[in-house]
Amino acid sequence: MKKFLIDWLDERLAVRALLHNQLTGYLLPRTLTVWHTLGAVLLALFGLQLLTGILLLVYYIPSPETAFSSVERIMNDVPFGWLIRTLHAVGSNIIVVALLLHMVSVAFMGSYKKPRELTWLSGFILFNLGLVLCLTGYLLPWSQLSFWATTVATDAAGAVPIVGAKLVEFLRGGPMVSGVTLGRFFALHVIVLPLALFGLIGFHLYSMRRTGIATPPFGADYQQPDAADIPLHEEHQGGIPFFPNFVVKDGAMIMFFLALLVMVSFFIPQLFFPPSTLEPADPFTTPEKIKPEWYFLWAYQTLKIFPSKLIGLGVQGAFMTFLALLPFIDIGAERRPARRPVFLTVYFLILLIFLALSIWGHFS
Ligand code: HEM
(Lines give C-alpha, C1' and ligand atoms only; values in the text may rest on other atoms or scores of the structure.)
Protein backbone atom coordinates (compact mmCIF):
# COMPACT_ATOMS: atom_id res chain seq x y z
CA MET A 1 0.00 0.00 0.00
CA LYS A 2 2.82 2.38 1.06
CA LYS A 3 4.79 1.58 -2.09
CA PHE A 4 1.70 2.04 -4.24
CA LEU A 5 1.00 5.43 -2.67
CA ILE A 6 4.59 6.62 -3.13
CA ASP A 7 4.67 5.32 -6.73
CA TRP A 8 1.39 7.12 -7.40
CA LEU A 9 2.68 10.40 -5.96
CA ASP A 10 6.09 9.95 -7.63
CA GLU A 11 4.51 9.65 -11.07
CA ARG A 12 2.70 12.95 -10.56
CA LEU A 13 5.03 15.00 -8.31
CA ALA A 14 8.45 13.32 -8.64
CA VAL A 15 8.59 13.04 -4.83
CA ARG A 16 11.49 10.55 -4.81
CA ALA A 17 13.77 12.94 -6.70
CA LEU A 18 12.61 15.81 -4.49
CA LEU A 19 13.32 13.90 -1.28
CA HIS A 20 16.69 12.78 -2.60
CA ASN A 21 17.75 16.28 -3.70
CA GLN A 22 16.60 18.00 -0.53
CA LEU A 23 17.26 15.38 2.14
CA THR A 24 19.34 12.24 1.66
CA GLY A 25 21.34 13.39 -1.37
CA TYR A 26 21.95 16.89 -0.05
CA LEU A 27 25.47 16.58 1.33
CA LEU A 28 27.01 18.82 3.97
CA PRO A 29 30.64 19.24 5.07
CA ARG A 30 31.65 16.62 7.66
CA THR A 31 33.13 19.31 9.88
CA LEU A 32 29.90 21.26 10.54
CA THR A 33 29.69 22.44 14.14
CA VAL A 34 26.92 22.99 16.63
CA TRP A 35 26.90 26.65 15.54
CA HIS A 36 25.49 25.48 12.21
CA THR A 37 22.30 24.31 13.89
CA LEU A 38 21.23 27.82 14.92
CA GLY A 39 19.40 28.48 11.63
CA ALA A 40 17.23 25.40 12.24
CA VAL A 41 16.72 26.49 15.86
CA LEU A 42 15.45 29.85 14.57
CA LEU A 43 13.06 28.13 12.17
CA ALA A 44 11.65 26.00 15.01
CA LEU A 45 11.32 28.95 17.40
CA PHE A 46 9.58 31.08 14.75
CA GLY A 47 7.18 28.19 14.06
CA LEU A 48 6.31 27.99 17.77
CA GLN A 49 5.93 31.78 17.91
CA LEU A 50 3.44 31.62 15.04
CA LEU A 51 1.43 28.93 16.82
CA THR A 52 1.32 30.67 20.23
CA GLY A 53 0.61 34.00 18.47
CA ILE A 54 -2.41 32.55 16.65
CA LEU A 55 -3.73 31.09 19.93
CA LEU A 56 -3.32 34.45 21.69
CA LEU A 57 -5.33 36.10 18.91
CA VAL A 58 -8.35 34.02 19.89
CA TYR A 59 -8.78 36.08 23.11
CA TYR A 60 -6.74 39.25 22.61
CA ILE A 61 -8.77 42.40 21.74
CA PRO A 62 -6.69 45.28 20.29
CA SER A 63 -8.06 48.53 21.69
CA PRO A 64 -6.88 50.76 24.58
CA GLU A 65 -10.04 49.93 26.56
CA THR A 66 -9.80 46.15 26.15
CA ALA A 67 -6.19 45.16 25.40
CA PHE A 68 -4.90 45.03 28.99
CA SER A 69 -8.00 43.29 30.39
CA SER A 70 -8.02 40.75 27.56
CA VAL A 71 -4.39 39.85 28.36
CA GLU A 72 -5.30 39.61 32.07
CA ARG A 73 -8.11 37.26 31.11
CA ILE A 74 -5.70 35.14 29.06
CA MET A 75 -3.34 34.93 32.06
CA ASN A 76 -5.97 34.24 34.73
CA ASP A 77 -9.07 32.63 33.22
CA VAL A 78 -8.35 30.99 29.87
CA PRO A 79 -7.16 27.36 30.33
CA PHE A 80 -3.39 27.28 29.73
CA GLY A 81 -3.59 30.91 28.59
CA TRP A 82 -0.76 31.81 30.99
CA LEU A 83 1.41 29.15 29.36
CA ILE A 84 0.73 30.29 25.79
CA ARG A 85 1.28 33.97 26.65
CA THR A 86 4.44 33.31 28.67
CA LEU A 87 5.89 31.06 25.93
CA HIS A 88 5.17 33.80 23.36
CA ALA A 89 6.74 36.61 25.42
CA VAL A 90 9.76 34.62 26.63
CA GLY A 91 10.09 33.00 23.15
CA SER A 92 10.63 36.41 21.55
CA ASN A 93 13.62 36.97 23.84
CA ILE A 94 15.07 33.52 23.15
CA ILE A 95 14.71 34.22 19.41
CA VAL A 96 16.77 37.40 19.78
CA VAL A 97 19.45 35.36 21.62
CA ALA A 98 19.47 32.79 18.77
CA LEU A 99 19.52 35.56 16.13
CA LEU A 100 22.51 37.21 17.79
CA LEU A 101 24.39 33.89 18.18
CA HIS A 102 23.66 32.93 14.54
CA MET A 103 24.85 36.30 13.24
CA VAL A 104 27.95 36.38 15.45
CA SER A 105 28.94 32.82 14.47
CA VAL A 106 28.50 33.19 10.69
CA ALA A 107 30.45 36.46 10.91
CA PHE A 108 33.29 34.77 12.84
CA MET A 109 33.58 32.04 10.18
CA GLY A 110 33.53 34.58 7.35
CA SER A 111 30.47 32.79 5.91
CA TYR A 112 29.20 36.10 4.51
CA LYS A 113 31.97 36.20 1.90
CA LYS A 114 31.52 35.61 -1.83
CA PRO A 115 29.29 33.91 -3.01
CA ARG A 116 27.13 34.23 0.14
CA GLU A 117 26.63 38.00 0.16
CA LEU A 118 22.88 37.72 -0.39
CA THR A 119 22.50 35.10 2.35
CA TRP A 120 24.10 37.58 4.77
CA LEU A 121 22.12 40.56 3.48
CA SER A 122 18.78 38.73 3.70
CA GLY A 123 19.80 37.52 7.18
CA PHE A 124 20.61 41.06 8.23
CA ILE A 125 17.17 42.27 7.09
CA LEU A 126 15.62 39.29 8.92
CA PHE A 127 17.45 40.35 12.08
CA ASN A 128 15.98 43.86 11.83
CA LEU A 129 12.51 42.57 10.99
CA GLY A 130 12.74 40.32 14.06
CA LEU A 131 13.57 43.30 16.27
CA VAL A 132 10.69 45.38 14.84
CA LEU A 133 8.37 42.41 15.44
CA CYS A 134 9.45 42.44 19.11
CA LEU A 135 9.00 46.22 19.34
CA THR A 136 5.49 46.17 17.87
CA GLY A 137 4.50 43.19 20.05
CA TYR A 138 5.68 45.03 23.15
CA LEU A 139 2.89 47.63 22.81
CA LEU A 140 0.04 45.16 22.42
CA PRO A 141 -0.60 44.31 26.15
CA TRP A 142 -1.12 48.07 26.69
CA SER A 143 0.64 48.02 30.07
CA GLN A 144 2.53 50.94 31.61
CA LEU A 145 5.74 49.48 30.22
CA SER A 146 4.21 48.98 26.75
CA PHE A 147 2.98 52.54 26.60
CA TRP A 148 6.06 54.33 27.90
CA ALA A 149 8.68 52.13 26.20
CA THR A 150 6.91 52.78 22.87
CA THR A 151 6.74 56.51 23.66
CA VAL A 152 10.51 56.56 24.29
CA ALA A 153 11.32 54.40 21.24
CA THR A 154 9.21 56.46 18.81
CA ASP A 155 10.54 59.68 20.38
CA ALA A 156 14.06 58.79 19.17
CA ALA A 157 12.93 59.24 15.55
CA GLY A 158 12.33 62.94 16.39
CA ALA A 159 16.10 63.53 16.22
CA VAL A 160 16.13 63.01 12.43
CA PRO A 161 16.69 66.47 10.89
CA ILE A 162 13.81 68.26 9.11
CA VAL A 163 11.36 65.33 8.94
CA GLY A 164 11.86 64.17 12.59
CA ALA A 165 8.60 65.56 14.03
CA LYS A 166 6.58 64.29 11.05
CA LEU A 167 8.23 60.88 11.35
CA VAL A 168 7.27 60.56 15.03
CA GLU A 169 3.71 61.56 14.18
CA PHE A 170 3.63 59.04 11.33
CA LEU A 171 4.89 56.20 13.56
CA ARG A 172 2.36 57.02 16.31
CA GLY A 173 -0.51 58.00 14.03
CA GLY A 174 -0.80 61.26 16.01
CA PRO A 175 1.16 63.44 18.44
CA MET A 176 1.05 60.79 21.21
CA VAL A 177 1.00 57.02 21.52
CA SER A 178 -2.72 56.22 21.41
CA GLY A 179 -5.31 53.74 20.18
CA VAL A 180 -4.28 54.59 16.61
CA THR A 181 -0.70 53.50 17.41
CA LEU A 182 -2.04 50.30 18.92
CA GLY A 183 -4.07 49.63 15.76
CA ARG A 184 -1.17 50.05 13.36
CA PHE A 185 1.32 48.18 15.57
CA PHE A 186 -1.22 45.34 15.80
CA ALA A 187 -1.57 45.19 11.99
CA LEU A 188 2.22 45.22 11.61
CA HIS A 189 2.73 42.60 14.31
CA VAL A 190 0.17 40.02 13.24
CA ILE A 191 0.14 40.35 9.44
CA VAL A 192 2.61 42.64 7.68
CA LEU A 193 5.83 41.71 9.48
CA PRO A 194 5.18 37.93 9.75
CA LEU A 195 4.37 37.80 6.01
CA ALA A 196 7.53 39.76 5.17
CA LEU A 197 9.53 37.58 7.56
CA PHE A 198 8.34 34.28 6.12
CA GLY A 199 8.91 35.49 2.53
CA LEU A 200 12.41 36.56 3.41
CA ILE A 201 13.17 33.34 5.29
CA GLY A 202 12.27 31.55 2.03
CA PHE A 203 14.78 33.68 0.14
CA HIS A 204 17.43 33.20 2.86
CA LEU A 205 17.07 29.41 2.71
CA TYR A 206 17.03 29.38 -1.10
CA SER A 207 20.23 31.43 -1.33
CA MET A 208 21.86 29.26 1.35
CA ARG A 209 20.96 26.05 -0.55
CA ARG A 210 22.05 27.55 -3.87
CA THR A 211 25.60 28.15 -2.65
CA GLY A 212 25.74 25.28 -0.16
CA ILE A 213 26.85 25.70 3.45
CA ALA A 214 30.35 27.16 3.71
CA THR A 215 32.89 24.60 4.93
CA PRO A 216 33.92 25.63 8.48
CA PRO A 217 37.32 27.35 8.13
CA PHE A 218 39.04 25.33 10.88
CA GLY A 219 41.40 22.38 11.16
CA ALA A 220 44.40 21.18 9.17
CA ASP A 221 42.23 19.71 6.39
CA TYR A 222 40.51 22.98 5.54
CA GLN A 223 41.31 24.11 2.02
CA GLN A 224 40.84 27.72 1.13
CA PRO A 225 38.73 27.79 -2.09
CA ASP A 226 40.19 29.61 -5.06
CA ALA A 227 38.74 33.15 -4.98
CA ALA A 228 38.20 33.22 -8.73
CA ASP A 229 36.50 29.86 -8.87
CA ILE A 230 34.18 29.44 -5.91
CA PRO A 231 31.84 26.57 -6.78
CA LEU A 232 28.14 27.30 -6.56
CA HIS A 233 25.75 24.62 -5.34
CA GLU A 234 28.59 22.77 -3.65
CA GLU A 235 27.96 19.08 -3.38
CA HIS A 236 30.56 18.59 -0.65
CA GLN A 237 31.77 15.28 -2.08
CA GLY A 238 32.26 12.79 0.74
CA GLY A 239 30.09 14.88 3.04
CA ILE A 240 27.28 13.75 5.37
CA PRO A 241 23.65 13.67 4.20
CA PHE A 242 21.40 16.41 5.57
CA PHE A 243 18.86 13.72 6.44
CA PRO A 244 19.16 11.81 8.72
CA ASN A 245 22.66 12.76 9.93
CA PHE A 246 22.50 16.51 10.31
CA VAL A 247 18.77 16.64 11.10
CA VAL A 248 19.56 14.66 14.28
CA LYS A 249 22.08 17.34 15.32
CA ASP A 250 19.59 20.10 14.44
CA GLY A 251 16.93 18.26 16.47
CA ALA A 252 19.15 17.97 19.54
CA MET A 253 19.89 21.70 19.51
CA ILE A 254 16.22 22.58 18.94
CA MET A 255 15.39 20.46 22.03
CA PHE A 256 18.01 22.33 24.02
CA PHE A 257 16.53 25.72 23.11
CA LEU A 258 12.97 24.51 23.78
CA ALA A 259 14.12 23.25 27.20
CA LEU A 260 15.65 26.68 27.89
CA LEU A 261 12.40 28.37 26.84
CA VAL A 262 10.28 26.13 29.07
CA MET A 263 12.69 26.48 31.99
CA VAL A 264 12.65 30.30 31.87
CA SER A 265 8.86 30.37 31.30
CA PHE A 266 8.21 28.13 34.31
CA PHE A 267 10.81 29.22 36.84
CA ILE A 268 11.96 32.79 36.07
CA PRO A 269 9.33 34.44 33.82
CA GLN A 270 9.61 37.63 35.93
CA LEU A 271 12.91 38.19 34.09
CA PHE A 272 10.79 39.41 31.18
CA PHE A 273 7.77 40.70 33.12
CA PRO A 274 8.92 43.60 35.31
CA PRO A 275 6.28 45.16 37.67
CA SER A 276 5.34 47.86 35.11
CA THR A 277 3.94 45.11 32.83
CA LEU A 278 1.33 44.38 35.53
CA GLU A 279 -0.23 47.87 35.50
CA PRO A 280 -2.48 49.14 32.69
CA ALA A 281 -1.16 52.00 30.54
CA ASP A 282 -1.66 55.43 32.08
CA PRO A 283 -0.69 58.27 29.72
CA PHE A 284 -0.81 60.76 32.64
CA THR A 285 1.67 59.00 34.94
CA THR A 286 5.23 58.69 33.69
CA PRO A 287 7.06 55.87 35.52
CA GLU A 288 10.33 56.82 37.20
CA LYS A 289 12.53 54.69 35.00
CA ILE A 290 11.63 53.38 31.58
CA LYS A 291 14.12 51.05 29.95
CA PRO A 292 13.81 49.35 26.59
CA GLU A 293 14.21 45.57 26.27
CA TRP A 294 17.74 44.23 26.89
CA TYR A 295 18.52 43.95 23.15
CA PHE A 296 17.84 47.67 22.60
CA LEU A 297 19.90 48.82 25.61
CA TRP A 298 23.04 49.35 23.49
CA ALA A 299 21.10 51.71 21.18
CA TYR A 300 19.44 53.45 24.12
CA GLN A 301 22.80 54.05 25.80
CA THR A 302 24.40 55.25 22.54
CA LEU A 303 21.70 57.94 22.29
CA LYS A 304 22.47 58.99 25.87
CA ILE A 305 26.26 59.27 25.67
CA PHE A 306 26.43 61.67 22.73
CA PRO A 307 25.73 65.37 23.29
CA SER A 308 22.93 65.31 20.71
CA LYS A 309 20.51 62.55 19.74
CA LEU A 310 21.26 63.28 16.11
CA ILE A 311 24.92 62.24 16.51
CA GLY A 312 23.80 59.13 18.40
CA LEU A 313 21.38 58.19 15.62
CA GLY A 314 24.09 58.90 13.01
CA VAL A 315 26.54 56.55 14.79
CA GLN A 316 23.89 53.81 15.02
CA GLY A 317 22.97 54.27 11.36
CA ALA A 318 26.63 54.12 10.29
CA PHE A 319 27.20 50.95 12.34
CA MET A 320 24.11 49.20 10.97
CA THR A 321 25.08 50.16 7.40
CA PHE A 322 28.56 48.78 8.03
CA LEU A 323 27.07 45.49 9.24
CA ALA A 324 24.67 45.25 6.28
CA LEU A 325 27.46 45.87 3.77
CA LEU A 326 30.10 43.75 5.51
CA PRO A 327 30.40 41.23 2.60
CA PHE A 328 31.11 44.12 0.22
CA ILE A 329 33.62 45.81 2.57
CA ASP A 330 35.58 42.74 3.75
CA ILE A 331 36.19 41.26 0.29
CA GLY A 332 39.32 39.14 0.81
CA ALA A 333 38.76 35.43 0.16
CA GLU A 334 40.52 34.22 3.34
CA ARG A 335 38.03 32.83 5.90
CA ARG A 336 40.34 31.32 8.53
CA PRO A 337 39.96 33.58 11.62
CA ALA A 338 43.60 33.10 12.68
CA ARG A 339 44.75 34.58 9.36
CA ARG A 340 42.49 37.64 9.62
CA PRO A 341 43.97 39.65 12.53
CA VAL A 342 42.37 42.99 11.52
CA PHE A 343 38.94 41.39 11.23
CA LEU A 344 39.36 39.56 14.55
CA THR A 345 40.36 42.78 16.34
CA VAL A 346 37.38 44.72 14.97
CA TYR A 347 35.07 41.74 15.66
CA PHE A 348 35.97 41.40 19.35
CA LEU A 349 36.03 45.18 19.80
CA ILE A 350 32.45 45.42 18.48
CA LEU A 351 31.31 42.57 20.75
CA LEU A 352 32.96 44.24 23.74
CA ILE A 353 31.41 47.65 22.99
CA PHE A 354 27.99 46.02 22.50
CA LEU A 355 28.27 44.25 25.87
CA ALA A 356 29.64 47.29 27.69
CA LEU A 357 26.93 49.62 26.32
CA SER A 358 24.20 47.11 27.20
CA ILE A 359 25.45 46.68 30.79
CA TRP A 360 25.91 50.44 31.14
CA GLY A 361 22.41 51.03 29.75
CA HIS A 362 20.98 48.53 32.25
CA PHE A 363 22.56 50.17 35.29
CA SER A 364 22.33 53.82 34.18
C1 HEM B 1 14.74 34.41 10.88
C2 HEM B 1 16.03 34.38 11.00
C3 HEM B 1 16.93 33.38 10.33
C4 HEM B 1 16.70 32.10 9.94
C5 HEM B 1 15.42 31.29 10.09
C6 HEM B 1 17.94 31.61 9.36
C7 HEM B 1 18.12 30.32 8.86
C8 HEM B 1 19.32 29.84 8.40
C9 HEM B 1 19.62 28.45 8.13
C10 HEM B 1 18.64 27.28 8.32
C11 HEM B 1 20.90 28.39 7.69
C12 HEM B 1 21.71 27.11 7.34
C13 HEM B 1 22.26 26.45 8.58
C14 HEM B 1 23.06 27.33 9.49
O15 HEM B 1 24.16 27.79 9.12
O16 HEM B 1 22.56 27.58 10.59
C17 HEM B 1 21.42 29.73 7.64
C18 HEM B 1 22.67 30.08 7.18
C19 HEM B 1 23.16 31.38 7.12
N20 HEM B 1 22.59 32.50 7.68
FE21 HEM B 1 20.74 32.56 8.52
N22 HEM B 1 18.88 32.61 9.39
C23 HEM B 1 18.31 33.71 9.98
C24 HEM B 1 18.93 34.92 10.26
C25 HEM B 1 20.22 35.27 9.84
C26 HEM B 1 20.92 36.47 10.22
C27 HEM B 1 20.40 37.52 11.18
C28 HEM B 1 22.12 36.45 9.55
C29 HEM B 1 23.24 37.47 9.55
C30 HEM B 1 23.07 38.75 9.49
C31 HEM B 1 22.19 35.22 8.77
C32 HEM B 1 23.22 34.85 7.94
C33 HEM B 1 23.41 33.57 7.45
C34 HEM B 1 24.56 33.14 6.66
C35 HEM B 1 25.72 34.03 6.17
C36 HEM B 1 24.39 31.77 6.45
C37 HEM B 1 25.34 30.85 5.67
C38 HEM B 1 26.16 30.07 6.66
C39 HEM B 1 27.10 29.11 5.98
O40 HEM B 1 27.05 28.97 4.76
O41 HEM B 1 27.89 28.53 6.73
N42 HEM B 1 21.03 34.52 9.00
N43 HEM B 1 20.45 30.60 8.09
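Taking the Cα centre as origin and putting +1 on Lys and Arg beta-carbons and -1 on Asp and Glu beta-carbons, what dipole magnitude results for the chain, to the nearest 20 debye? Approximately 420 debye in magnitude. Computed over the range 4-115, the P(r) tail beyond 22 angstrom holds 59 percent of alpha carbon pairs.
Across the accessible surface of the chain, with the other protein chains kept in place and a 1.4 Å probe, carbon and sulfur atoms take up 74 percent. Rounded to whole numbers, the Karplus 3J(HN,Hα) couplings from phi for the range 159-173 are 6, 5, x, 6, 8, x, 4, 5, 5, 4, 5, 5, 4, 8, x Hz, using 6.51 cos²θ - 1.76 cosθ + 1.60 with θ = phi - 60°, and x at Gly and Pro.
Dipole of the chain computed with +1 at Lys/Arg Cβ and -1 at Asp/Glu Cβ about the Cα centre; of L258, L326, L139, farthest Cα towards the positive end is L326. Close amide H contacts of S143 (hydrogens built in the peptide plane, cut-off under 5 Å, sequence separation of 5 or more or a different chain): A281. Summed over qualifying helices (DSSP H, 4 residues or more, each -39500 (n - 2.57)) and divided by its residue number, the chain shows a 222 nm mean residue ellipticity of -20000 deg cm²/dmol. By definition, a body whose alpha carbon gyration tensor gives a ≥ b ≥ c is oblate when a/c is 1.5 or more and a/b is not larger than b/c, and the range 49-202 fits this oblate description. The largest accessible area among Y138, Y295 belongs to the first residue in Y138, Y295, and the rest follow in falling order (1.4 Å probe, all chains).
For the range 33-43, putting each phi into the Karplus relation 6.51 cos²θ - 1.76 cosθ + 1.60 with θ = phi - 60° gives couplings of 10, 5, 5, 7, 9, 5, x, 5, 4, 4, 4 Hz, in residue order, rounded to whole numbers and with x for Gly and Pro.
In terms of accessible area, using a 1.4 Å probe and ignoring ligands and nucleic acids, S178, S143 rank largest first as S178, S143.
The share of Cα pairs per 5 Å bin across the range 65-106, counted from zero up to the longest distance, runs 6, 22, 16, 16, 12, 10, 8, 7, 2 percent. Around the amide H of G212, modelled in the peptide plane, lie the amide H atoms of H233, E234, all under 5 Å away and 5 or more residues distant in sequence or on another chain.
Mind running the shape call on the range 209-364? Use the C-alpha gyration tensor, a ≥ b ≥ c as the square roots of the eigenvalues: rounded below 1.5 for a/c, prolate if a/b tops b/c, oblate otherwise. Oblate shape, in that a/c is at least 1.5 and b/c is the bigger or equal ratio. Mind grabbing the base-10 log of I(q)/I(0) for the chain at q = 0.10 Å⁻¹? Debye formula, identical points on the C-alpha positions, no solvent, two decimal places. Log10 I(q)/I(0), no solvent term: -0.74.
The angle separating the long axis of helix 309-324 from the principal Cα axis of greatest extent in the chain is about 20 degrees. The charge dipole of the range 32-179, taken about its Cα centre with unit charges on the Cβ of Lys, Arg, Asp and Glu (plus for the first two, minus for the last two), comes to roughly 460 debye. Here E65 sits with roughly 150 square angstrom of accessible surface, probe radius 1.4 Å. Based on C-alpha pairs under 8 angstrom that are at least 6 apart in sequence, the range 256-364 has a relative contact order of 35 percent. Per residue, the average separation of C-alpha pairs within less than 8 Å and at least 6 apart gives the chain a relative contact order of 28 percent.
The values are calculated or read from the model by the stated rules, or taken from the named source; none is laboratory data. Keep in mind that this is a model prediction, so the values were computed, not measured. Positions of Cβ are generated from backbone atoms using ideal geometry, with glycine treated the same way; all protein chains shown enter the neighbour counts. Remember, those area values only see protein heavy atoms, side chains included, never the ligands or the DNA or RNA. Shrake-Rupley method; radii C 1.70, N 1.55, O 1.52, S 1.80 Å.
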